[in-house]
Each structure stands twice: as structure tokens, then as C-alpha cells.
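Below: one structure, written as C-alpha cells.
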């Protein structure tokens, strides 16, 4: 099926530093998503993005989080500053024309904040 | 707030036997249901999507939806050891078509 890529696969940083997670979505997709999964817990929605704007975000999407897709390149999630509780696997997804279309997921970025 | 629960937490079946997984959801206005599976350290692979009551088959995977009972199930016909993975139920619709709400997953192990 369609492939979503995520870079890096793993990231270890010190608390308070900034981190940027990169997502290369399916080429003709227009909707982009981030989800967060803490070890042993279910995957939870963070945010979705369409036409340069955040469409919907959850309470997990703290003020320290931001998303963008400059010039149609990577879709990024930036956390600044990071906190210990941000340690999780972050999954990117994309879908095509309609909001309810199938979301295709990347393999995740494992973030560890020390 | 939508709650999605999956059962069982883990399931072991023999190769070739039917595997059945269950998912209940709390928001009766949900209209979009998907089953994904996740092999370790890989992304999610969508298996079957279902939007109305009844049955939807995609190859060896069949989803059954009963919205009145707030229940959707996945049946895997003739499972193979390569089907061993975590199976995730994802629900959307109602108040938001963008957000998927996931269950915690069922760990399926298929033994030869």
C-alpha cells in the first residue's frame, strides 16, 4: 500500500531541548496527522493539518507543540521545549481528499527525553 | 469522549483456525470503522474499512459492524504465522471525521 516515511526512527534528547520529527507523507495526500503512543498505552490523536492550517487538535497537543509543512516538503512536528512526559512513539499519517478517507501510517519515531 | 475497547488482549490460534477479535465503542454516532495491524517496529497496515451495518470482506479479513450494539469485529480466515501482530480497531465520525480513536489492541499469535 501507500508508504509514509518518518525520520528519524529514534531520537534521544535532553529535557528542555527542541526536537523536530519529520514525516514524508504519501505524495498526493492532502490531510496530515500526528498520533502519540506511550509505551503500553493506546495510540492517541494529537493533531491534523490541511491546507496549511491545523484543523483539529487534542488536549495532548500542548502549547510547546507546533506543526507545519513548508513548501510541500516534510510535514513536521516540533516540540520546544521538550518534557519528560513527551517520551513516546510519534506516528505520522496522511490521507487523500476526504477527511474520512483511510489514514496511512508511518513506522513511527521513538522519542526518549532524558 | 469516544472510548474504544478491544478484547481479548491476546489471542493464540493454530494456523488455519479462524481468529475472531472484538471491538466496542461508546459513541453511537460513529460512522467510520477500520481495522489495522501492526508488526513490531513497523507502521500500521490497514486491513478492512466498514461504514454501514453488516459485513465487509477484504481477502481473508472480514469485518462485522453492529452499530446498535456498538460493536465491530474482525474475523481472520485461515490465519498464517505471518499474521502474528497487534490488531488495532480505529473508530471515527460523529463529532470528528479527522480523528481516529484507537483501542489498545489485540496481540494475535498464530502457531504453526
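The values are calculated or read from the model by the stated rules, or taken from the named source; none is laboratory data. Keep in mind that what you see is a predicted model, and the values were worked out from it rather than measured. Neighbour counts run over all protein chains shown; Cβ positions are idealised from the backbone, glycine included.
List of remarks:
- Residues in the stretch A:93-106 that are surrounded by fewer than 22 Cβ atoms within 10 Å (Cβ to Cβ) and in contact with a strand residue (DSSP E or B) (Cβ under 6 Å, 6 or more places away or on another chain): A:99, A:100, A:101, A:102.
- Residue A:60 satisfies every condition listed in (1) under 27 Å from residue A:27 (Cβ atoms); (2) within 14 Å of chain B (Cβ to nearest Cβ) except (1).
- Odd one out for residue B:23 among (1) touching a residue at least 12 places away in the same chain (Cβ under 8 Å); (2) assigned to a strand (DSSP E or B); (3) more than 14 Å from every other protein chain (Cβ to nearest Cβ): (3)
- Some residue of the stretch A:79-89 being more than 19 Å from residue B:90 (Cβ to Cβ), in contact with a helix residue (DSSP H, G or I) (Cβ under 9 Å, 6 or more places away or on another chain) and outside any strand (DSSP E or B): no
Conditions (1) assigned to a strand (DSSP E or B); (2) within 13 Å of chain A (Cβ to nearest Cβ); (3) touching a strand residue (DSSP E or B) at 6+ places or on another chain (Cβ under 9 Å), marked per residue:
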| position | (1), (2), (3) |
| --- | --- |
| B:2 | no, yes, yes |
| B:36 | yes, yes, yes |
| B:57 | yes, no, yes |
| B:74 | yes, no, yes |
| B:98 | yes, yes, yes |
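- Tally of residues being more than 11 Å from every other protein chain (Cβ to nearest Cβ) and over 18 Å from residue B:77 (Cβ atoms) across the stretch B:38-52: 1
- Complete set of residues in the stretch A:93-114 that are more than 8 Å from every other protein chain (Cβ to nearest Cβ), in a loop (DSSP other than H, G, I, E, B) and at pLDDT 90 or above: A:114
- If you filter the stretch A:33-42 down to residues that are within 16 Å of the chain's Cα centre (by Cα) and within 10 Å of another protein chain (Cβ to nearest Cβ), you find that the one that is surrounded by the most Cβ atoms within 10 Å (Cβ to Cβ) is A:33.
Every residue, every condition in (1) buried (at least 17 other Cβ atoms within 10 Å of the Cβ); (2) touching a residue at least 60 places away in the same chain (Cβ under 8 Å), yes or no:
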| position | (1), (2) |
| --- | --- |
| A:14 | no, yes |
| A:20 | no, no |
| A:45 | yes, no |
| A:65 | yes, no |
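- The one condition in (1) at pLDDT below 95; (2) touching a strand residue (DSSP E or B) at 6+ places or on another chain (Cβ under 8 Å); (3) within 14 Å of chain B (Cβ to nearest Cβ); (4) more than 28 Å from residue B:3 (Cα to Cα) that residue A:50 fails to fulfil: (4)
- For the stretch A:72-92, filtering for residues that are at the interface with another protein chain (Cβ under 10 Å from one of its Cβ atoms) and either free of Cβ contacts under 8 Å to residues at least 60 places away in the same chain or surrounded by fewer than 23 Cβ atoms within 10 Å (Cβ to Cβ) (or both) leaves 1.
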